[in-house]
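The values are calculated or read from the model by the stated rules, or taken from the named source; none is laboratory data. This structure is a prediction, so every number in the text was calculated from the model and none was measured. Positions of Cβ are generated from backbone atoms using ideal geometry, with glycine treated the same way; all protein chains shown enter the neighbour counts.
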Amino acid sequence: MGQVDEAEEAVSQAAIGLKTSWHDMAGSEALIRALIAERSQRTSEALFWIRVYRALSPETIDPVPSFFR
């Protein structure tokens, strides 16, 4: 149970950090990090960033990025 709690805490902290730094682009940043990790054959890190993306609130993950408006 301890490892699961630590993993969830890491995801939560990463999501908070991205929201603080990237604001409305936090979701995009998480996906970019996942892509870079996947392309570097770091599958577990890519999955981590996907979990961070999913943890971000719907307000942060805008389905229509600001550059398309």
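Go through segment 33-60 and give me each residue that's outside any helix (DSSP H, G or I) and at pLDDT 95 or above. Outline the logic, then answer.
Just the residues of segment 33-60 that are outside any helix (DSSP H, G or I), to begin with: 40-42, 56-60.
Once the filter is applied, which keeps residues that are outside any helix (DSSP H, G or I) and at pLDDT 95 or above, segment 33-60 yields SER40, GLN41, ARG42.
Output the qualifying pairs, or none if there are none: Cβ atoms under 9 angstrom, residues six or more apart or on different chains, first residue in segment 1-30 and surrounded by 12 or more Cβ atoms within 10 Å (Cβ to Cβ), second residue assigned to a helix (DSSP H, G or I) and of a type in the set (Asp, Glu).
LEU18/GLU29; TRP22/GLU29
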